[in-house]
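Peer 1: The structure is given below, and queries will be raised subsequently.
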Amino acid sequence: MPRAPRVFVEGGIYHVYNRFGSGEAVFAEPEMALEFIELLRFVKQRDGWTVFAWALMPNHYHVAIRSGSVPISNGFHYIQGTFSRRFNRSRGRTGALWQSRYQAKPVQEAGYLDRVILYIHLNPVAGGLVKHPTDHVFAGHREIVKGVRNPLVDTDESLLSFGETEKVARKAYLAAIRLGCRELGRDLQSGSEAPGIWIRADRDLAPDDTGPYVDVLGTSTGPERRGLSADKFISEGARRLGIGVADLASRGRRREVVEARRLLLALGRERWGQKATDLGAILDKNADMIGYLAREGIRQRLEDEVFAERYEALDETMISDPL
C-alpha cells in the first residue's frame, strides 16, 4: 500500500522519532551520539528550527521541534541519510540502518507541548538508563537545568510551556519532572537533583516570533505559496533577478549568473516544493547537478548575509507580487 503523503505546515510543531533497524544500540557509542547531535545542530540552523526537547536513547531518538519555512522532510532525510552513510562507511557495511523513514506527529492540541517535552526528557528514566534525567548527557533536560554552553534545546521556548516568567516556568518544569520520576518509580527529593542555574532576578519569557508559527486558532502564520510549475517558477524568478532563462541554463560563470542560479534553485528546492528533475528539464541539467547547485545556494545563504537578504527578498516578492 502506498504511503500517505505528509502534510507540512510552516511553523508547525512536531514530535519526531525513529529507531535503528533490529534495535541496534548505535547511540550507545558516544562518538556516534555526538555525530548525530551535530547533524541536528546543523539542520536546526540551516532550516530555522526551534528545538523544544530532545533525547538520544541507545537505539532511537526523540526530538520536538517547530519548523521554519523548509519542510521538515528535507531536514530529517538529510540527517538520517548522512548519518547512515557515515556510519556504514566507518563500519564497512551496507544496507539500511534505520527501521523506517522518520515518524512525525504534529503537536496541534493546545497545552499538549508540555507533555511532549516531559515525555522526551523523561525517556532515559523510563528506559532504565538513569535514575534522574539530569544524569543523561545526551538529552535536552540537562541543557535546561545546567545552562550548558551552546545548547541544542531552545531553553526559553521550552520553558514557555510551563510559565510566563523564568522562575515560575523553571519551578513548574522541575516539579513536573520530579512527579514524572516518582510515577516511574524514581521517588527523588528536590535536593537530589544536580545543581541548576541560580536566577538572581526573574524575567519574562518571550517567544521567538521572527519565523512562522501556528497561532492559537491552529492557523500557520507562514505565507501561502502558489503552486507553480517548474517552468513558471524559473521564468518568474529569472525575470525578478534580471537574468535570462538561457543564461541560467548556460555554463556561464559570470558572478551574477552563478549567484542567480544558486538563489533560484536553493529557493525552489527549499521552500517552493520544486523537484530537481523538473528544474533540470527546464535548465537542461541533470538532477544531481541541480541538487549540487541548490546545496551551494543553501551554503551561501548561511554564510553570506547579503546573499541571505536577496534570498528572503526573492521569496517575499514571489509570494506577494505574482507576475
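Peer 1: In the set (1) 40, 23, 17; (2) 40, 27, 20; (3) 44, 20, 16, which value of semi-axes √(5λ) of the Cα gyration tensor in Å was calculated from the structure you see?
Peer 2: Label (1) holds the value from this structure.
Peer 1: Give me, ordered by chain and number, the residues 5 or more places off residue 48 or on other chains with an amide H under 5 Å from its own placed amide H.
Peer 2: Those lying under 5 Å, H to H, from residue 48: there are none.
Peer 1: Work out which trypsin sites (Lys or Arg not before Pro) in the chain are exposed loop sites (DSSP not H, G, I, E or B, at most 13 other Cβ within 10 Å) and give the longest gap free of them.
Peer 2: The answer is 7-92.
Peer 1: On a full-extension model of 0.36 nm per residue, what is the gain between residue 135 and residue 226, subtracting their alpha-carbon distance, rounded to one decimal in nm?
Peer 2: 27.9 nm
Peer 1: Follow-up. Any idea how far apart residue 292 and residue 171 come out in nm if each label point goes 7 Å out from Cα toward Cβ?
Peer 2: Taking the two extended label points, one gets 6.0 nm.
Peer 1: State to the nearest 20 debye the size of the charge dipole of the chain about its Cα centre, where the only charges are +1 on K and R beta carbons and -1 on D and E beta carbons.
Peer 2: For this selection, approximately 1100 debye.
Peer 1: Report in % the part of the accessible area of the chain that belongs to carbon and sulfur, leaving out ligands and nucleic acids; probe 1.4 Å.
Peer 2: Carbon with sulfur: 51 percent of the solvent-accessible area.
Peer 1: Gain in length, residue 109 to residue 148, computed as 0.36 nm per residue apart minus the alpha-carbon separation, to one decimal in nm?
Peer 2: 11.0 nm
Peer 1: Let me ask another. Does anything in the range 120-150 have its amide N under 13 Å from the 7 Å Cα→Cβ label point of residue 25, and if so which residues?
Peer 2: Residues passing the 13 Å test: 128-130.
Peer 1: Tell me, what is the per residue accessible area of the chain in Å², probe radius 1.4 Å?
Peer 2: Per residue, the chain has 52 Å² of solvent-accessible surface.
Peer 1: Whole Å is fine, so just give me how far the alpha carbon centre of the range 261-303 lies from that of the range 78-102.
Peer 2: About 24 Å separates the Cα centre of the range 261-303 from the one of the range 78-102.
Peer 1: Quick one: if you stick a label point 7 Å off each Cα along the C-beta vector at residue 126 and residue 202, how many nm between them?
Peer 2: 3.1
The values are calculated or read from the model by the stated rules, or taken from the named source; none is laboratory data. From a predicted model like this one, the values you see are computed outputs, not experimental measurements. Cβ sites come from the backbone with ideal geometry, for glycine too, and all protein chains shown count toward neighbours. Surface areas here come from the heavy atoms of the whole protein model, side chains and all, with no ligands, DNA or RNA. Shrake-Rupley method; radii C 1.70, N 1.55, O 1.52, S 1.80 Å.
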